[in-house]
Every structure is written in C-alpha cells, then in structure tokens.
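Read through the structure below, which is laid out as structure tokens, and then see the notes.
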Amino acid sequence: MNTYKAKLARAGITFGLIILCAIALICTGIFSPIGVSNEGIKITQTASSALNPTYGAFFHGSTYRYTDSTKVEGAHSGSISDDTTLVTVDSSYAHGTQKNPYVIDSIARWNAFVADMANTTSGITDHGKGKFFALACDLDFNGITFAPVNNFAGKFYGLGHTISNITYDANGKHCGLFSNTYDNFLVADLILSNYTYSNTQLTGALVGVALSGSTEVQFLNCHTDGKIIRNNNGVDLKTGGIIGHSDNLDNIESKLLLYRCSTKLTVECSENNPPYDISASPFVGQAMRHTSVNILDCYGDLTLTIISLKKCGYYTGFVGSINQNDRQFTIENSAAKTKVERNANAAGVINVAGSILGLTNNDTARTYTRKEI
C-alpha cells in the first residue's frame with residue numbers, strides 16, 4: 001500500500017511539473033494552445049536605444065491602414081474598390097520609416113514634434129523629409145495652448161484620428177496645422193475639428209503655405225471644420241479649407257492633389273487699411289507658378305463674411321485664385337458651396353465670386369464634372 005501511495009505521489013509531482021513546463025512554454029511563445037497563435041501579436045518592441053526618444057513606436061507585428069496615393073487613380077476611376085494599404089509594423093526597420101513610423105500619441109509629443117521640426121532637436125534633418133509620422137490617438141486642445149508645425153517636409157498619417165478645439169493667434173503670419181510645408185509633403189486620414197485661427201495672412205486649415213519643387217503635395221481623405229478670422233493686417237488674405245497658398249519656387253512642374261476631402265470653413269474679415277483682396281475657397285485659397293491643381297471626389301462649404309471693409313476685392317470658388325498659365329487644373333466628381341455675406345458698413349466692396357475660379361490667368365484646358373454654388 002505504501003509503495004502504491006509513493007508511486008501515486010511521484011506521478012502527481014511529474015504531472016505538476018508537466019503543467020508548469022507547459023505554462024512556461026506558452027508564456028515564452030514556443031508553444032501555443034490549439035486555436036491560439038502568437039503570430040502577428042508579438043509584443044517585442046524596438047530596442048529603446050534604437051528609438052528616437054521624441055516619439056513613440058507601434059508594437060512589432062501590429063498593423064495600421066492608410067489611404068494610399070498610388071491607388072487614388074484606380075479608386076477614382078472605379079477600377080479598384082479599396083484605396084487603402086495595410087502596413088505590418090516591423091521594428092527591425094529604422095525608426096521613422098513607413099514600417100516603423102514615428103508615433104505621436106499625446107499633446108506632449110505633438111509639442112515635441114513642433115519643436116523638433118523647428119530646430120531638429122532630435123537629430124532629424126531637413127524638417128522630416130522622407131520620414132513617416134503617425135497619429136495614434138485623438139488630440140483635444142480645449143483649454144490647452146496650441147502650436148502649429150512651422151516647417152515640415154515628411155509624411156503624416158492621421159489614421160482616422162481627430163485634432164480638435166484649437167484656438168490660435170497667428171500674429172499676422174502664415175497659419176495652419178502645418179504653417180509651412182516643403183517638397184513631397186503628404187497628410188492622409190486626418191480630421192481637424194473646431195479650429196479657430198485669428199490674425200492671419202496665408203492660411204489654410206491644414207497648411208498655410210506649401211512650397212514644392214518637382215514633387216507632389218497631397219491631401220488624402222482629410223476633413224476639416226472651423227473658422228479663420230482676419231483683421232488689421234494690411235496685406236491680402238489667401239485662405240482655404242485645406243490649404244491657403246501653394247507655390248513652386250523651382251519654376252518646374254509640381255502637383256497639388258486633394259482626394260476624398262471634405263471641408264466646412266467660415267471666414268470672417270475686417271480691415272481698416274485698404275486696398276485689400278481676399279481669395280477664399282473651401283479647398284485652395286491660391287495656387288501659383290507651374291502647379292497642377294487636382295481636386296477629386298471632394299466636397300466643400302465656405303461662408304465668407306465681410307465686416308466693415310472698404311475698397312475690398314474678393315474672389316471665391318473651388319480655388320480662390322490661380323496664377324499659372326501653363327498647367328491644367330482638374331476638378332472631378334466634386335462639389336462646392338460658397339456664400340458671401342457683408343454688413344452695411346462694408347462699402348465699396350468689389351464682388352468677384354466665381355463658380356469654379358474667382359480669379360485666373362489660366363487659358364489652358366480644364367475639366368469639371370459637377371459644381372454646386
């Protein structure tokens with residue numbers, strides 16, 4: 001009997017050891033129970049020494065999806081149904097690449113991003129040119145001081161998140177979520193809600209001024225809703241629900257693309273120092289020099305209110321004004337609504353409201369498919 005009990009005890013100990021070993025193997029990922037796989041949910045992250053400390057990083061094996069500019073033409077024409085691409089994060093890639101983007105996941109990190117693009121404090125050169133940045137959560141600036149990104153030349157993925165409740169005094173300078181952008185700039189899948197920019201000049205909800213060379217500035221699946229207030233600056237206002245002013249310093253061909261964007265913009269203007277012009281648009285305030293403007297599958301709503309202005313000219317339309325005589329601009333499957341209001345004190349106002357363009361010297365081919373003014 002004692003021998004039997006001893007054998008039973010030894011068997012129990014052995015069974016217990018087997019269970020403990022199995023638990024250990026499961027925890028280390030060497031063995032998984034039936035129906036459960038660790039593939040794609042690994043929790044190992046890039047070594048901290050390899051990360052840029054200004055930004056976060058997505059976990060290795062996690063995924064994110066973005067609107068892909070290479071699929072715009074196919075999705076717009078209807079030849080493909082999905083204009084997005086799924087990326088699986090791989091921490092073996094350098095931090096800041098598409099496979100391992102710089103992650104902004106707090107207002108503190110947004111502020112660090114602003115400082116970094118101004119003076120490259122984290123070692124990133126050329127204002128982030130060729131680098132990828134991803135917004136990993138909503139950012140609410142209600143009651144919190146907001147600072148725009150003054151210089152940016154990278155790719156920014158909003159990943160469907162919202163930046164909201166911004167109040168910002170531009171002090172007569174260019175203004176936008178990104179005040180100035182350069183080269184092959186892109187922003188995708190971003191929502192900007194309840195923003196108010198005041199005391200502005202060249203101003204857009206997302207970008208104030210975009211300067212490009214032989215590259216493309218792209219806004220994909222972006223949505224904005226807010227107000228731009230202009231007073232007492234003594235210079236012209238170029239403003240839009242996406243971008244205020246686009247220019248090409250190199251005088252060679254570049255492209256401005258807005259795809260699947262929507263805007264709702266209210267512009268309020270008062271000015272005591274005439275003469276003074278306003279170019280306002282639900283999309284693009286002004287496009288200059290050799291820039292091909294393409295607005296595809298977009299909707300915009302603009303209300304321009306003129307308060308106590310004298311000797312003022314205003315231009316409104318899909319694009320407020322275009323000064324480029326050698327590039328075609330294209331507006332397809334898009335609609336825009338513009339409304340101009342002025343009070344009794346707005347004397348001597350020159351009205352130039354256009355259904356497509358407020359002001360242009362472009363005599364090249366144009367294509368439109370739908371308008372609603």
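With the requirement that a residue be open to solvent by 10 Å² or more (accessible area, probe 1.4 Å) and closer than 30 Å to S270 by Cα, what does segment 180-208 give you? Once the filter is applied, which keeps residues that are open to solvent by 10 Å² or more (accessible area, probe 1.4 Å) and closer than 30 Å to S270 by Cα, segment 180-208 yields N180, I191, S193, N194, T196, S198, N199, Q201, L202.
The set of residues from segment 54-91 being free of Cβ contacts under 8 Å to residues at least 12 places away in the same chain and part of a loop (DSSP other than H, G, I, E, B) comprises G78, S79, I80, S81, D82. Contact map, segment 161-175: residues that are closer than 13 Å to L190 by Cβ paired with residues that are in a loop (DSSP other than H, G, I, E, B) and open to solvent by 50 Å² or more (accessible area, probe 1.4 Å), Cβ distance under 8 Å, separation 6+ or inter-chain. Pairs shown: H161/D138; T162/D138; I163/D138; S164/D138; S164/N142.
Given the structure, is I163 among the β-branched types (V, I, T), modelled with pLDDT of 90 or more, under 27 Å from D68 (Cα atoms) and outside any helix (DSSP H, G or I)? So I163 fits the description; yes. Residue count for segment 92-102 under the criterion of being in a loop (DSSP other than H, G, I, E, B) and either surrounded by 13 or more Cβ atoms within 10 Å (Cβ to Cβ) or among the charged types (D, E, K, R) (or both): the result is 6.
State yes or no: is S122 of a type outside the set (A, V, I, L, M), at pLDDT 95 or above and not in a strand (DSSP E or B)?
On the way: of a type outside the set (A, V, I, L, M): yes; at pLDDT 95 or above: no; not in a strand (DSSP E or B): yes.
No: the conditions fail for S122.
Scanning segment 151-175 for residues that are on the phi > 0 side of the Ramachandran plot and of a type in the set (G, A, S) yields G160, G172.
Residue check: is R109 within 18 Å of the chain's Cα centre (by Cα) and surrounded by 18 or more Cβ atoms within 10 Å (Cβ to Cβ)? It is true that R109 is within 18 Å of the chain's Cα centre (by Cα) and surrounded by 18 or more Cβ atoms within 10 Å (Cβ to Cβ).
The values are calculated or read from the model by the stated rules, or taken from the named source; none is laboratory data. None of the values given here were measured: they were computed from a predicted structure. Note: ideal-geometry Cβ built from the backbone for every residue, glycine included; neighbour counts use all protein chains shown. These accessible areas exclude ligands, DNA and RNA; they are computed on the full protein's heavy atoms, side chains included. Shrake-Rupley method; radii C 1.70, N 1.55, O 1.52, S 1.80 Å.
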